[in-house]
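Please read the structure below before turning to the comments.
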Amino acid sequence: MTKKEEKIKSETNTEKDETKVEEITPNSPEEKIKLLEKELIETKNDYFRARADYENFRKRKEIELAENKDRVIINFVEDLLPSIENFEMSLKMTDNKEMFIKGVEMIHKNLTETLKSHKFESFEPKVGEEYNPYHHEAILIEDKTQKPNLVISVIKKGYKHKDKIVKPARVTIVKEEEEK
C-alpha cells in the first residue's frame, strides 16, 4: 500500500460518518456497489423516518388546531350564557312589564359587553358620509336632489372585529345620477 492510500484509510477509520455508513475503501467494483447499496438503504431509512416524523407533527398540529378552535368557541359560549339566563328570567317576568323591560336592557348590556370583551364593536355611519361598499350595505336608494352616493339614513349599525368588517351597516343612500 502506498503512503497516500494509508493516509486515506487512516482518515476514514478515525472520522465518524453522520450517515452511519462504514467507510471502507472499495478495492473492486463489487465492493463499491455494496457500499453504494448500503448508503442507499440508510438514506431511504432516514427519508422514511423524516417523513413519518413530519406526518406525526402535521397530525399533532391538526389536533391542536381543532382543540384551540373548540376552546375559543366554548369560551365565547360561556360568555354568552349569562345573557341566555337573563332571557329565560325575563320571559318568566312577562306579567311585570317593568321587570321585563329591565331584563331586556340587562341582556342588551351583557351582550354588548361580551362583544367588546372579544374585540367586536359596533359602528354607525354618519348621515352625509360618502357611501363605502366595504362598510355599508345599501338597502334603500332614494332619488334626491342631494349629492349622489351619500348616506342619508342608517337602518342598522354595522359590526367589526378589530379592523375587519363583520357585518356592514345597512343604510339608505342617494341614487347616483344616470348618464344620458
Which one of Asp70, Asp95, Asp79, Asp46 is surrounded by 10 or more Cβ atoms within 10 Å (Cβ to Cβ), over 30 Å from Lys119 (Cβ atoms) and not small (Gly, Ala, Ser)?
Asp46
In the set Pro148, Pro168, which member is modelled with pLDDT of 90 or more and not assigned by TED's automatic domain parsing to the domain that holds Leu80?
Pro168
Give me the residue from region 148-173 that is in contact (Cβ under 8 Å) with a residue 40 or more places away in the chain, surrounded by 15 or more Cβ atoms within 10 Å (Cβ to Cβ) and out of contact with any His (no Cβ under 8 Å at 6 or more places or on another chain) and, out of that set, farthest from Lys126 (Cα to Cα).
Lys160
State whether the residues of region 91-103 include one that is of a type in the set (Val, Ile, Thr) and in contact (Cβ under 8 Å) with a residue 24 or more places away in the chain.
no
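The values are calculated or read from the model by the stated rules, or taken from the named source; none is laboratory data. Only a predicted model underlies this, so the values are computations on that prediction, with no experimental measurement involved. Cβ sites come from the backbone with ideal geometry, for glycine too, and all protein chains shown count toward neighbours.
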